[in-house]
Amino acid sequence: MYPSGSWRGYWDQPAFGRQPMNDLVLRFAGGVVEGEGRDFVGRFTFDGSYDDRGNVVMVKQYLGKHRVLYRDGYDGEGTLFGTWSIGDRFSGPFALSAVRPTAAPDAPIRDIS
């Protein structure tokens with residue numbers, strides 16, 4: 001359902017605005033998701049699960065710092081849109097999308113007929 005590999009994404013919070021996640025890698029297998037990346041708060045890991053309907057629940061653990069819960073609803077096209085939260089006090093939207101390989105600008109056009 002979801003590809004393992006490089007992803008891009010952001011989380012948003014009024015005090016900080018939209019914050020990109022860098023060097024983001026997610027791995028999906030057998031209902032388990034794990035990964036790692038970094039943002040302006042620091043390095044983090046992701047651990048969680050996904051179901052056959054595409055719903056994902058993950059915990060983002062900042063190394064040596066706090067945890068953040070991520071919950072999403074599947075958009076049907078592979079992007080994870082949802083809400084992150086830290087307890088009942090802080091929350092906001094997030095989005096994650098797989099980085100899809102693209103053809104080089106000078107790659108030959110393939111005939112598919």
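The values are calculated or read from the model by the stated rules, or taken from the named source; none is laboratory data. In this text the structure is predicted, and so the values were computed from the model without any measurement. Here the Cβ is made from the backbone with ideal geometry for all residues, glycine too, and neighbour counts use every protein chain on show.
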Quick one: which residue in Y62, Y50 is without any contact (Cβ under 8 Å) to a residue 40 or more places away in the chain and surrounded by 14 or more Cβ atoms within 10 Å (Cβ to Cβ)?
Y62
Is it the case that T45 is surrounded by fewer than 18 Cβ atoms within 10 Å (Cβ to Cβ), modelled with pLDDT of 95 or more and touching a strand residue (DSSP E or B) at 6+ places or on another chain (Cβ under 6 Å)?
yes
When you scan region 1-34, how many residues do you find that are aromatic (F, W, Y) and under 15 Å from A95 (Cα atoms)?
4
Write out, first by first residue and then by second, each pair whose Cβ atoms fall under 6 Å of each other, whose residues are 6+ apart or on separate chains, and whose first residue, in region 1-23, is among the hydroxyl-bearing types (S, T, Y) while the second is outside any strand (DSSP E or B).
S6/V99
Matching option when the condition is out of contact with any strand residue (DSSP E or B) (no Cβ under 9 Å at 6 or more places or on another chain) and on the phi > 0 side of the Ramachandran plot, among G54, G5, G76
G76
